[in-house]
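Okay, structure first, notes after.
The numbers here are math on the coordinates, done by the rules we state, and not lab data. From a predicted model like this one, the values you see are computed outputs, not experimental measurements. When we count neighbours, we look across all protein chains shown, and the Cβ atoms used for this are built from the backbone with ideal geometry, even at glycine.
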Amino acid sequence: MELWNKNVEKRFFTKSLEYATPEQLFYITNENKYLAYWPKNYLGKKSTLQSRNSLIGNFTEKWTTDLIQRIVEDEGLFAVQGAKCSEIALLNNSPADVIISKNKNIEQEPENILAIFEVKMSIVWNWEFKNNKSDMNLICMGDYNTHQGNPGLLRSDSMLKAIGKSINIRVSSLKASTIPIIIIGNTPITNT
DNA sequence: CCACCGCAGCATTGTCGCAG
DNA sequence: CTGCGACAATGCTGCGGTGG
């Protein structure tokens, strides 16, 4: 089974470029390079992208849903993205990233939910986007050691947010108290 | 009943101060 | 200098309250 890798990241950018502009997906350096992250030694002017957030968030949740779907489908179960269940505090403006359920509906009952996943994933490698008239392509500029981005799983405030949401689900109802809640990320591991 | 407004929550990642 | 906690930034979307 294919886990998160460079090809998946390439697919995110090529797919997203079908309907988003390069400026929404990449930082532009003072040398006019389009990069996914600011390199560690970069000293020029910097900004913080907001426009990529929902795109990468949605992509990683979809990717995770597909992965889990392949794992549970033999059991007759379903992975559902963005599931809602008012009884356990999964409302319209705060749905579950991914759940495993006995059915594939967006509207769910607590009794059918076997597990809840909170996805905290993003781009791991750094990429340069070259936009030549004839062909565009993505060049890997190095791994997470070469850029400034800090993976979500290593950030305490990201984890607190995920844990806080888990607590909110836990205390929402007795029925939520037995549902496992899993935080899933794609942080690379050092020295492998 | 509907248009509008403010607030809260979603997402990710850069910045800054402090400790060691 | 590095690592870490706390805070900032901002587009999008849903919801509740209010005024007409």
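Here segment A:23-81 is treated as a sphere whose radius is the Kirkwood value from Cα pairs; by Stokes-Einstein at 25 °C and 0.890 mPa s it diffuses with a coefficient of 175 µm²/s. Taking the Cα atoms only, what angle lies between the long axis of helix A:6-16 and the longest principal axis of chain A, rounded to 10 degrees? Once rounded, one gets 90 degrees. Shape analysis of segment A:61-163 yields a ratio of the Cα radius of gyration to the Kirkwood radius, Rg/Rh, of 1.11. Compute the Cα gyration tensor for segment A:6-185, then decide on rounded, prolate or oblate, letting a ≥ b ≥ c be the square roots of its eigenvalues: rounded whenever a/c is under 1.5, prolate when a/b is larger than b/c in the other cases, and oblate in all that remain. Judged from the Cα gyration tensor, segment A:6-185 comes out prolate (a/c at least 1.5, a/b above b/c). Using Cα atoms only, what is the angle between the long axis of helix A:156-170 and the major principal axis of chain A, expressed in degrees (0 to 90) to the nearest 10? That helix lies at roughly 20 degrees to the long axis. Taking other C-beta atoms within 10 Å as the exposure proxy, A:M121, A:M1 rank A:M1, A:M121 from fewest upward. Taking Cβ atoms as reference points and 15 Å as the exclusive limit, the residues near A:M141 contribute a net charge of +1, counting Lys and Arg as +1 and Asp and Glu as -1.
On full extension, the segment bounded by A:R155 and A:I182 gains 8.1 nm, given 0.36 nm per residue less the C-alpha separation.
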